[in-house]
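Taking it in order: structure first as structure tokens, then the write-up.
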Amino acid sequence: MEQQRRLRIARGTKSDAKPAAKHCWIDEDPRWPGRWPALLLAWVRDENDASGGWAGRVAFAPGPQAELVVALVPAAYLSAEA
């Protein structure tokens, strides 16, 4: 039984796989003016939005010398188009 578990872990199963991050753009979010390339990590319900809207958890660097930022960005400020 233990050997089978190890083989599943070593091979990787679909249940072990996480969805891949997708490229997106952050457009004119008031916190980060301008347009920034980002990776969309997940969609989550935005608890700060009274209408129960969606937000993307994204990772990006807002500038050439900036540190990596992981933040919730309202869907209205995200796009997939270049």
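Observations, loosely collected:
- Residues in the stretch 62-82 that are of a type in the set (A, V, I, L, M, F, W, C), free of Cβ contacts under 8 Å to residues at least 24 places away in the same chain and part of a loop (DSSP other than H, G, I, E, B): Ala66, Leu68.
- Residues of the stretch 36-65 satisfying the condition of being hydrophobic (A, V, I, L, M, F, W, C) and modelled with pLDDT under 90: Ala50
The values are calculated or read from the model by the stated rules, or taken from the named source; none is laboratory data. Here the structure is a predicted model, which is why all the values come from computation and not from measurement. Counting neighbours? That spans all protein chains shown, and the Cβs are built from the backbone with ideal geometry, glycine included.
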